[in-house]
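A short write-up of the structure that comes next.
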Amino acid sequence: MTLRTTGCLLGLLIVVVPSHLRGADVATITIFDVPGAANTVPLSINADGVIVGRYRASGLVHGFVRSPSGDITTIDVPGANFTVTAAINNRGDIVGMYGVPSSPAGRHGFLLKDGVFTTFDPPGSTFTNAIGINERGDIVGRYAVGAGPGHGFLLQDGAFTTIDVPGATRTDAFGINDPEEIVGGFLTADHHAQIFVLSSGVYSVIVPPGGQNVSLDKGGINARGEIVGQYCDAAFPCNFAPGTHGFLLTAAGFTTIDVPGASLTAAFGINASGTIVGSYVDAHGAAHGFLLSRGD
């Protein structure tokens, strides 16, 4: 990928993605919903085409797994009244977050492996979102202690490492690939939301061609280093508001993803072959899932 270095700030490599580069062509797009759901939000897809995400029905949020043939299974952490299945690797290991009725403002991370739930929180965390997992089983996400600022985390070999972009007031890690590149979002001191990539201890910052704000906590990266996420036309927070657009960043450049007729589009996950999953909102305010297969 041809990138243009525009300067250094606080020890970070700042990168602006040229807007004139060509992105990947779109081959097909498939729309789907969890039956009976008010909103369907796919968040991750693995190499086999298995998709995980969340949906809302009867006022509650549940996780789901969608098979390549379209069969959907609901996932709920035992005792939880809020469950999100946020990421799945090629072995079928799933990570996400959940909440319980006794602590409605709190969140906890979980790993679902071989049918067994394991829950976890970074030390002192009162709000844990596990958002990404690679083939090795390394997990990334974000956490907060009380009303304090958000931090990214890496859970590797049973040990937590905090991830904070230098100078940021908030850091979220939302994806990790097999080369152990970590991608996420961060908030600058002057209140701009941007994407970071952490590779071999070096932070690089990715800025959309127009300098727009991005979503801090939703997106993905595959083994080839291709990144998906969202940027928005409005000021921070860029969080599922009208004027939100999905994006794909590849070696060919930066490509905007908009579902035709949608008021907003968000790209959340990408697998090794470049297939993308995400969600869009229709004219009636309902969120639907989409599966986007790219042409060569």
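The values are calculated or read from the model by the stated rules, or taken from the named source; none is laboratory data. Computed from a predicted structure; not experimentally measured. Positions of Cβ are generated from backbone atoms using ideal geometry, with glycine treated the same way; all protein chains shown enter the neighbour counts.
Brief remarks on what is shown
- Residue match in the stretch 44-59 (condition: assigned to a strand (DSSP E or B), at pLDDT 95 or above, more than 21 Å from the chain's Cα centre (by Cα) and hydrophobic (A, V, I, L, M, F, W, C)): yes
- Checking Leu198 against (1) within 28 Å of Ser67 (Cα to Cα); (2) at pLDDT 95 or above, the condition it does not meet: (1)
- Of all residues in the stretch 74-101 being in contact with a Lys or Arg (Cβ under 8 Å, 6 or more places away or on another chain) and among the hydroxyl-bearing types (Ser, Thr, Tyr), the one that is surrounded by the fewest Cβ atoms within 10 Å (Cβ to Cβ): Thr83
- Listed conditions (1) in a strand (DSSP E or B); (2) surrounded by fewer than 24 Cβ atoms within 10 Å (Cβ to Cβ); (3) without any contact (Cβ under 8 Å) to a residue 40 or more places away in the chain are all met by Gly152, apart from (2).
- Residue in the stretch 238-247 that is in contact (Cβ under 8 Å) with a residue 24 or more places away in the chain and among the aliphatic types (A, V, I, L, M) present: no
- Any hit, the stretch 252-268, residues being among the small types (Gly, Ala, Ser), within 19 Å of Ala286 (Cβ to Cβ), in contact with a strand residue (DSSP E or B) (Cβ under 6 Å, 6 or more places away or on another chain) and surrounded by fewer than 22 Cβ atoms within 10 Å (Cβ to Cβ): yes
- Meets criteria (without any contact (Cβ under 8 Å) to a residue 60 or more places away in the chain and assigned to a loop (DSSP other than H, G, I, E, B)) for Pro104: no
- Scanning the stretch 257-291 for residues that are under 30 Å from Asp190 (Cβ atoms), in contact (Cβ under 8 Å) with a residue 60 or more places away in the chain and among the hydroxyl-bearing types (Ser, Thr, Tyr) yields one hit, Ser279.
- Residue that is farthest from Gly53 (Cα to Cα), among those in the stretch 253-296 that are assigned to a loop (DSSP other than H, G, I, E, B) and touching a Phe, Trp or Tyr at 6+ places or on another chain (Cβ under 9 Å): Gly261
- Test: Val165 is surrounded by 13 or more Cβ atoms within 10 Å (Cβ to Cβ), touching a residue at least 24 places away in the same chain (Cβ under 8 Å) and not in a strand (DSSP E or B): yes
- Subset of the stretch 177-199 (residues that are buried (at least 22 other Cβ atoms within 10 Å of the Cβ) and within 14 Å of Gly150 (Cβ to Cβ)): Gly184, Gly185, Phe186, Ala193, Phe196
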